[in-house]
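Student: Quick one: structure below, then a few questions.
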Amino acid sequence: MPTALDRWFIDAILVHEEALLRYLQRNWPHRDELHDLRQEVYARVYQAAGKGLPQQPKAFLFASARHLLADRARRARVVSIEPMGDFEPSHVLVDEVSPERWCGGRQALKRLAEALDRLPDRCREVVWLRRVDELSQKDVALRLGISEKTVEKHIAKGMHLLAASLFSGDLPSRDGAPAIPEHDDERRRAD
């Protein structure tokens, strides 16, 4: 036997079924979910009406539908942070580094160390403090007693020399003749 709430639901809510479906079709891109959405709207409306009948049933129905669509859209944007489970199939284990990759990494590191060792002393010191020790430009300048502009110049020069030596294979010479010519007036400004 239908209760008063059931009768209200049939008379005040179900009469708007076609309009509700059209609304959902216009506002939800996934057509295969429309009937599920309709049922969820009905469930929300019925549950809320059990606590107290709304004064404007049609407006309440469409407000419930709008809120449901907003909830679904918000949930779709949230990235799941559930654990992956078994990591083995994902090939993320660090222990599985091939000998070729390990050797190639060692060779690249050796080339970088050699190139860094052959930078001019002050330039090497600035590059090390800024890029390896990750000090700020201001901290490097304070520690070495030079201006921040000089730190910038040393970083630019050092990165340029390192890139040139790593990509061309030519190491700058240690005797002060770097791979890229340096003018005396630039050297005086940088120091």
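Student: ALA108: part of a helix (DSSP H, G or I), at pLDDT 90 or above and not acidic (Asp, Glu), yes or no?
Tutor: No; evaluated as a whole, the condition is false for this residue.
Student: Out of the residues in segment 101-157 that are free of Cβ contacts under 8 Å to residues at least 24 places away in the same chain and hydroxyl-bearing (Ser, Thr, Tyr), state the one that is nearest to PHE167 (Cα to Cα).
Tutor: SER136
Student: When you look at ALA49, is it over 12 Å from LEU69 (Cα atoms) and either surrounded by fewer than 16 Cβ atoms within 10 Å (Cβ to Cβ) or not hydrophobic (A, V, I, L, M, F, W, C) (or both), yes or no?
Tutor: no
Student: Read through the list (1) crowded, with 17+ Cβ neighbours inside 10 Å; (2) more than 15 Å from ALA115 (Cβ to Cβ); (3) at pLDDT below 90, then give the number of the only condition that ALA164 fails.
Tutor: (2)
The values are calculated or read from the model by the stated rules, or taken from the named source; none is laboratory data. Just so you know, these numbers come straight off a predicted model, no measurement behind them. Here the Cβ is made from the backbone with ideal geometry for all residues, glycine too, and neighbour counts use every protein chain on show.
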